[in-house]
1. Does B:K121 satisfy the condition of being closer than 29 Å to A:G153 by Cβ and either away from chain A (no Cβ under 14 Å) or over 19 Å from the mean Cα position of the chain (by Cα) (or both)?
2. From the set of residues in region B:32-60 that are of a type in the set (S, T, N, Q) and surrounded by 12 or more Cβ atoms within 10 Å (Cβ to Cβ), which is modelled with the lowest pLDDT?
3. Tell me which residues, restricted to region B:60-92, are part of a loop (DSSP other than H, G, I, E, B), over 16 Å from B:A143 (Cβ atoms) and either under 12 Å from the mean Cα position of the chain (by Cα) or not small (G, A, S) (or both).
4. Anything in region A:77-93 that is surrounded by 19 or more Cβ atoms within 10 Å (Cβ to Cβ) and without any contact (Cβ under 8 Å) to a residue 60 or more places away in the chain? List them, or say none.
5. With (1) surrounded by fewer than 17 Cβ atoms within 10 Å (Cβ to Cβ); (2) touching a Lys or Arg at 6+ places or on another chain (Cβ under 7 Å) as the list, and B:R153 as the residue in question, which single condition is left unmet?
6. Given the criterion within 14 Å of chain A (Cβ to nearest Cβ), surrounded by fewer than 21 Cβ atoms within 10 Å (Cβ to Cβ) and either of a type in the set (D, E) or farther than 28 Å from A:I190 by Cα (or both), identify the matching residue among B:D89, B:D133, B:D103.
7. Considering only residues of region A:16-40 that are hydroxyl-bearing (S, T, Y) and either surrounded by 10 or more Cβ atoms within 10 Å (Cβ to Cβ) or outside any loop (DSSP other than H, G, I, E, B) (or both), which is modelled with the lowest pLDDT?
Amino acid sequence: MAKGKRKVPGLNGSSMADISFIMLIFFLVTTSMDTDRGLHVRLPNPPEEQELQDPPKIRKRNSLIVNVNMNNQILVTQGEKQAVEVEISELRTIAKEFIANPEDKVDYPEKHAVELPAPFGVQMVTDKHVISLQTDRATNYDTYFQVENELYGAYNELRDELARKTFGRPFVQCTEDQQMACRQYYKCMISEAEPRTYNQH
Amino acid sequence: MSKFQNKGKAEMPELNTSSLPDLIFSILFFFMIVTSMREVELKVEFKTPAGTELEKLERKSLVSNIYIGKPTREYRVKLGPQSRIQLNDKFAEVANIREYVQDERESLAERDKPYMKISIKGDKDTHMGIITDVKMELRKAWALSVVYSATQR
């Protein structure tokens, strides 16, 4: 016969906390918050009728035309020079040289005195340069993206160099005002022409 | 001698930790609920390109997504392997984009409207034709702040 109620031995729950801690950490690590990264671009305003009819005139020396064809080959035409086919890896150097024009060459973009925010004051910058990116409808998106990436990379590197020289620290560590000033020194001027289908005519 | 004499060593009272697991569990559940996986069911496959000059998207509530890629296997039979656009939960045409942008913009608070961003999640192997069409529509809809979604290289 049972001798009344039997006592259930108490369960030791002290390790429960550890177990749930491990689970908590597991979930914290695995569920990525879906951090979305990307290349930020600003599209131009919608085209107006008048603009389409007579596009704004750009002096030859101020223009760098990057053409990506349907076979994903990159053709660069700078000013009056002959068009050359380049690799993606070369594009950044070409763009940097073009944007900054450090030696003030005649066939590179002209420089103008422009009032910039402190501490720059009035500086000679290539404010009229335009990088025109032309693609075919059959161009691969990946190639286009890599080209964009290199072009924006050129601006970012120039700004970074400028920030290091002027403020003594990398661009990303500068204050908002300093970043703004650097941005205006090297203003981003990438224009994307409407795509063409070359193989149709 | 006095009433306040120490009676040997005072024992440290033991802390009751039996509610600790419950506490941790509730944090766990909080995280499991808050980290939402993805809001829309994807009907296109895309593998975003890899880049180096990427920036983080700061406020996700301001971002509207446009997915461009090949239809997933179950839809490929019907739609073919051509790249398609997905807005919200369904396939769309280029002409639908303007309406979509307007709807998304309406859903934002008045002060947030100028900061609206469009994230283009395009597949690497897509052709530029469809992307430029989308971009043109975005320009016409005055949604000029665009992000090409990508992975860090």
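1. Working: closer than 29 Å to A:G153 by Cβ: yes; either away from chain A (no Cβ under 14 Å) or over 19 Å from the mean Cα position of the chain (by Cα) (or both): no.
Judged against the criteria, B:K121 is not a match.
2. Narrowing region B:32-60 to residues of a type in the set (S, T, N, Q): B:35-36, B:48, B:52.
Going one step further and asking which of them are surrounded by 12 or more Cβ atoms within 10 Å (Cβ to Cβ), we end up with B:35, B:48, B:52.
Working: B:T35: 66, B:T48: 90, B:T52: 91.
This residue is B:T35.
3. B:T72, B:P81, B:Q82, B:D89
4. A:Q78
5. (2)
6. So the residue among B:D89, B:D133, B:D103 that is within 14 Å of chain A (Cβ to nearest Cβ), surrounded by fewer than 21 Cβ atoms within 10 Å (Cβ to Cβ) and either of a type in the set (D, E) or farther than 28 Å from A:I190 by Cα (or both) is B:D133.
7. Selected residue: A:T31.
The values are calculated or read from the model by the stated rules, or taken from the named source; none is laboratory data. If you're wondering where the values come from, they're calculated on a predicted model, not measured in any experiment. Neighbour counts run over all protein chains shown; Cβ positions are idealised from the backbone, glycine included.
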